[in-house]
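To start, the structure itself, in structure tokens.
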Amino acid sequence: EEAWKTEVERRLNEAKAAKKAKDKEQVESEKTLLGDDGQPVWPEGWVPVELVPEGEEAAEEAPPADAEPEDDGLDDEQRDELFVQAMRDVLGAHRGACLIDGTWFGDLDNEEMAEEVKTVRSLQNLLVKARRLPDFTIMLKIKNDLAFNSVKDAAAIDKEDEDLRAIAKSQDAKELKEALEAVKFIGDERKAAFKAYLDELQGTEEEGPPDPLPEAPEDLVEAGEEKESDRAKAKFIEKKKLEQEALKAFADRLKEVRAEPVKVSMDRGQEPAHKAVRWNCRQFMEQRKSLLLRHQVSRVPPSKVKDLESRALAVRSRFKDANPLKIGEPSFVGCEDTYKFAAELRGRLYFPRNQADLDKFLEEPQDFVHQAAPTRVIVNPAVAVCGPPLSGKTTLARSLAKQTGAVYLSVPEVLAEICSLSSVGSTLSRELRSLLRKGGAVPDEMIVQVLRQRITAPDVVRCGWVLDDFPLTVQQAKMLEQFGIVPHRLLTINVPEGLVYSRARTLGEQGAETDADLVQQEPLLQRQRLDAVLRNGPRLRSFYGLTYDNVCDIDGSRSAWAMYDHALRETSVAVSQRLEYYRRTAQGQAAKVHGMCFDAERVSEGESAWERYCPVALTLNNELSHCTDAQFTVEYRGKIYWMGTEEFASLFVSDPESFLQVPLPSNLPQLLSAMERRGQPMTQLEDYCPVALVDRKELTKAPGHHIVKFMGRNYTFTSKEAAGKFMRRPMRYVQRAKLPCKRPALRGEHQVSLLNALTKGREGKGLEPADMLTYMQASVAELICQALVDAGDKRPLYPGKSASQSALLFLAKFLRAKNSVSTDLFSEKVKGELEAFLSDCTLPARLGKLLEEKPSLEVMDCWTSTDARIYKELCSRFDATFKLSP
């Protein structure tokens with residue numbers, strides 16, 4: 001309302017300015033005419049302006065007391081059009097999404113405004129004429145008592161009124177003034193009455209307060225029968241009725257233009273009302289894209305679907321039988337509920353799978369009709385159920401077939417069907433009948449041929465199949481494989497042996513109802529069947545698991561419902577994986593291969609130039625990750641790419657081109673096999689492990705069990721993990737692994753054996769000339785190596801010297817102490833100096849430890865004379881070492 005009034009005022013000012021400019025232009029255009037006497041001839045009704053003589057000032061006329069408002073030059077129709085145009089500008093396209101405050105009650109309190117003007121300025125009139133009707137209108141309703149209590153505090157009003165009456169009765173003007181300034185709840189009329197009495201108490205500025213002070217009116221002092229809160233409530237209800245009448249007129253006007261508002265009650269509080277408002281606004285805000293399309297979609301009963309298709313009144317959408325809300329969800333076209341929740345939109349049929357999906361499609365069709373179309377390849381369930389006897393195979397297979405709409409297949413039923421008289425005669429059926437008449441066993445080859453013939457039947461091709469208790473052996477599985485029959489999932493039921501006999505005993509106690517029950521309750525027969533399963537089951541499971549990775553284990557000791565839920569979930573996942581694969585590959589996108597039952601030969605034939613290296617690991621981590629798990633393989637443009645983890649596979653599927661920009665290096669590391677290591681190939685870095693050298697800064701000899709060939713050179717490693725780290729980032733270790741110029745000597749059993757290692761020669765052929773020892777090496781090499789090894793072990797640090805200086809001092813004293821040509825007396829002396837040197841190196845640490853323990857030992861009276869003597873000696877040596885005066 002404020003924005004509209006501001007726009008109206010701006011437009012009125014423009015109209016007034018235009019009228020002024022027009023009047024001024026008209027006055028200037030009319031020239032004064034002169035008569036015969038030379039005097040100007042004034043038009044009739046004009047009064048000439050009296051000229052004021054020079055030197056005299058014209059008396060200024062005071063403006064009239066009630067000056068009329070400036071004329072804007074607009075008639076009623078033009079003013080109405082101005083109001084409407086102002087509303088159009090306020091709610092223009094620049095405004096965007098907005099909420100209109102419908103409390104348009106500013107003109108209700110204006111008693112001077114005519115009713116016709118109020119009607120023209122009403123919100124409903126402006127919205128309708130300006131063609132700015134809102135998408136959705138909400139009218140809040142509330143009871144009078146609740147509305148009054150939500151905005152007024154009756155107790156506070158009565159309290160303030162009581163306080164003011166007491167102050168007015170005491171005739172204290174100052175206190176009454178302060179109380180009036182602090183009031184917050186009483187009405188303006190009541191406040192004005194107390195203020196009028198305050199003016200009487202204060203009197204005028206010239207005369208001051210009257211004497212005696214006037215008494216307060218009786219209505220300001222006495223409480224009366226009606227409380228102030230009751231009067232405030234009556235005025236509030238009266239105002240509320242006026243606003244309700246305005247809202248009623250607003251609602252009636254919107255009803256006329258078919259934009260009926262929705263009423264929401266505020267009686268239960270704000271939070272429930274807010275929830276109701278959000279719920280009613282949902283279709284205009286969250287579901288706004290489907291605002292127009294929602295009225296064109298309708299539900300179609302299952303019986304009407306075929307009628308519409310047969311009469312060509314509707315055709316199936318581009319989603320065919322798929323659920324438009326869940327593209328990757330299995331269709332299960334043979335299921336009874338496939339067409340139970342159908343919907344029709346613009347002559348197209350859509351098939352949600354449940355009531356919730358149907359309701360969502362009816363509310364938001366726009367969000368689903370433009371989704372990517374599913375694959376055109378029809379994927380139906382193909383499941384085989386195997387397991388021990390009495391594990392629930394048949395019950396599970398029949399339930400799964402009923403839920404998915406697939407055809408239930410079992411070997412006995414298929415053989416009986418093909419041998420029946422009603423079946424179409426064929427060479428296979430005649431051979432089978434002849435064999436059964438003779439009482440012979442049906443060979444596996446004939447069983448597989450019969451199953452192949454049944455699986456290629458039209459009903460099985462259209463709806464899929466669930467095969468019960470077949471295949472039983474690896475040979476049967478390979479025969480099915482030759483005909484291209486591989487189940488999407490092999491559901492293997494695992495049941496404890498004791499539970500099998502328990503179920504057989506239960507069947508015997510209940511009594512046999514059919515011939516099949518008589519067979520099932522025989523313990524000896526169950527033992528034979530169980531032995532056959534235990535003998536062939538693991539092999540069959542290994543064959544399918546290693547070849548196609550399609551085996552799923554089901555716990556047969558659980559309830560039938562739990563087993564069924566697990567089997568249905570696995571079946572749905574298998575079909576969904578294939579649907580996703582076909583959809584993405586048809587669109588030229590990357591798709592995960594897991595679940596497609598590709599054998600190793602199929603994967604190896606389709607490998608890309610990356611072989612088994614992960615392009616994501618090379619791009620993100622700069623590592624050559626050699627993958628071995630086919631679960632994370634991805635196909636892109638007819639090529640198979642191996643991934644290291646599930647996360648890398650998802651990243652590659654989302655954007656494969658980003659990870660194929662970095663090419664695979666031409667030089668790849670290769671782990672040598674045991675046969676290749678038998679020849680003892682020459683390795684780099686003198687058989688030191690490059691991973692230990694780079695990562696841990698350690699010189700570690702490798703035993704030669706893990707050798708990697710890279711860029712024509714061999715590197716040996718201490719463990720398989722170290723070899724794996726090198727193969728992931730070979731250039732890092734090749735470039736950084738450099739042997740130091742001075743390396744520690746090789747340790748023998750009791751002493752350094754450098755000379756012995758050098759004198760052994762190379763492979764018994766003697767030393768090369770470049771490897772021969774010099775005179776200095778032969779004379780002092782052993783002693784220097786021993787000194788360096790001891791220095792590395794003891795790490796001497798002499799007080800006041802650096803680490804390098806301390807090491808050089810130790811080396812000099814060590815060589816002097818080990819000099820074999822020294823006399824016994826001199827040798828004892830230098831050995832004592834070496835021991836004193838090492839003792840001085842540990843002096844600060846020993847003295848510091850003793851200083852820390854001394855206070856506690858003295859408190860506990862444990863400080864002995866020996867401790868005091870040692871402490872004194874250490875202090876004296878410390879002072880002498882650092883040359884400190886006592």
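The values are calculated or read from the model by the stated rules, or taken from the named source; none is laboratory data. Treat the numbers as computed from the prediction; the structure is a model and nothing was measured. As a convention, Cβ positions derive from the backbone with ideal geometry for all residues, glycine included, and neighbour counts pool all protein chains shown. When the accessible area is computed, the model is the full protein with side chains, heavy atoms only, and any ligands, DNA or RNA have been set aside. Shrake-Rupley method; radii C 1.70, N 1.55, O 1.52, S 1.80 Å.
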Discussion item. Quick check for you: with a 1.4 Å probe and neighbouring chains kept, what is the accessible area per residue of segment 155-203, in Å²?
Written reply: 58 Å²
Worksheet item: Under a straight-distance cross-link criterion of Cα-Cα below 18 Å, which aspartates and glutamates are reachable from residue 701, leaving out those fewer than 8 residues away in the same chain?
Response: 686, 687, 721, 749
Worksheet entry | Additional length obtainable on full extension of the chain from residue 100 to residue 182, 0.36 nm per residue less Cα span | 26.0 nm
Worksheet item: Which length gain, in nm to one decimal place, applies between residue 852 and residue 238 when the Cα-Cα distance is subtracted from 0.36 nm times their residue separation?
Response: 212.0 nm
Worksheet item: Do any chymotrypsin sites (Phe, Trp or Tyr not before Pro) in segment 396-493 lie in a DSSP loop with no more than 14 other beta carbon atoms within 10 Å, and if so, which?
Response: 483
Worksheet, complete the sentence: Quick numbers on segment 323-421, Rg and Dmax over C-alpha atoms in Å, give 18.0, 54
Discussion item. Need one number: the % of Cα-Cα pairs in segment 145-270 sitting beyond the 19 Å mark.
Written reply: 60 percent
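Roughly how many Å² is the accessible area per residue of segment 629-751, as a whole number, for a 1.4 Å probe? Provide the component values of the computation, followed by the final result.
Working: 7620 Å² over 123 residues.
Spelled out: the 1.4 Å probe surface of segment 629-751, per residue, equals 62 Å².
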Fill in: Solvent-accessible area, 1.4 Å probe, carbon plus sulfur percent, for the chain
52 percent
Item to complete: Output ³J(HN,Hα) for segment 846-853: one whole-Hz value per residue in order, computed from phi by the Karplus curve 6.51 cos²θ - 1.76 cosθ + 1.60 with θ = phi - 60°, and x for Gly and Pro.
Response: 5, 5, x, 5, 5, 5, 5, 7
Fill in: Whole-Hz ³J(HN,Hα) from phi, Karplus 6.51 cos²θ - 1.76 cosθ + 1.60, for segment 315-323, glycine and proline x
10, 6, 6, 5, 7, 6, 8, 6, 6
Response to the item:
Given 262-273, 467-478, the highest-first ranking by average Cβ count within 10 Å works out to 467-478, 262-273
Response to the item:
The percentage of Cα-Cα pairs in the chain separated by more than 52 Å is 62 percent
Practice prompt. Would you mind pulling out the separation of the Cα centroids of segment 690-726 and segment 523-547, in Å?
Written response: 46 Å
Worksheet, complete the sentence: Scalar couplings 3J(HN,Hα) for segment 670-684 by Karplus 6.51 cos²θ - 1.76 cosθ + 1.60 (θ = phi - 60°), nearest whole Hz, x for Gly and Pro, are 9, 7, 6, 7, 5, 5, 6, 7, 5, x, 6, x, 5, 10, 7
Item to complete: Taking amide H positions as placed in the peptide plane 1.01 Å from N, state which residues far from residue 623 in sequence (5 or more) or on other chains have amide H under 5 Å from it.
Response: 618
Discussion item. Treating segment 682-743 as a set of equal point scatterers at the Cα positions, no solvent, please give the Debye-formula log₁₀ I(q)/I(0) at q = 0.15 Å⁻¹.
Written reply: -0.35
Worksheet, complete the sentence: The distance between the Cα centres of segment 566-620 and segment 813-832, in whole Å, is 77 Å
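For the chain, what's the relative contact order in percent, using C-alpha pairs closer than 8 Å and at least 6 residues apart?
6 percent
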Worksheet item: For segment 445-573, what is the Kirkwood hydrodynamic radius in Å, using each pair of distinct C-alpha atoms?
Response: 16.6 Å
Item to complete: Let me see the pair-distance distribution of segment 372-511: every alpha carbon pair, 10 Å bin width, integer percents in order.
Response: 10, 35, 33, 18, 3, 1
Discussion item. Can you tell me the orientation of helix 270-281 relative to the chain, as the angle in degrees between its alpha-carbon axis and the longest Cα principal axis, to the nearest 10?
Written reply: 80 degrees
Worksheet, complete the sentence: Given a 1.4 Å probe, the accessible area of segment 814-879 per residue, as a whole number of Å², is 69 Å²
Fill in: Above-threshold pairs, the threshold being 28 Å between Cα atoms, out of 22/118; 320/402; 801/849; 304/592; 152/177
22/118; 304/592
Worksheet, complete the sentence: Helix 228-256: inclination vs the chain longest Cα principal axis, degrees, rounded to 10, gives 80 degrees
Item to complete: In vacuum, with every alpha carbon of segment 169-225 counted as one equal point scatterer, what does the Debye formula give for log10 I(q)/I(0) at q = 0.12, 0.31 Å⁻¹? Two decimals, please.
Response: -0.29, -1.41
Worksheet, complete the sentence: The correct ranking of 393, 184, 275 by accessible area at 1.4 Å, largest first, is 184, 275, 393
Item to complete: For segment 293-388, state which trypsin sites (Lys or Arg not before Pro) are in a DSSP loop and have at most 10 other beta carbons lying within 10 Å of their beta carbon.
Response: 311, 376
Response to the item:
Nearest 10, in degrees from 0 to 90: the angle of helix 76-90 to the longest Cα principal axis of the chain is 10 degrees
Worksheet item: So for the pair residue 560, residue 142, with labels modelled 7 Å out along Cα→Cβ, what separation do we get in nm?
Response: 5.9 nm
Discussion item. For a Förster distance of 25 Å, can you work out the FRET efficiency between the beta-carbons of residue 863 and residue 843, rounded to the nearest 0.05?
Written reply: 0.75
Worksheet item: Net charge near residue 534, counting Lys/Arg +1 and Asp/Glu -1 over other residues with Cβ under 13 Å of its Cβ?
Response: +3
Discussion item. Roughly how far apart, in whole Å, are the Cα centres of segment 186-212 and segment 624-649?
Written reply: 93 Å
Worksheet item: Using only Cα atoms, what is the ratio of the radius of gyration of segment 441-514 to 2.2 N^0.38 Å?
Response: 1.46
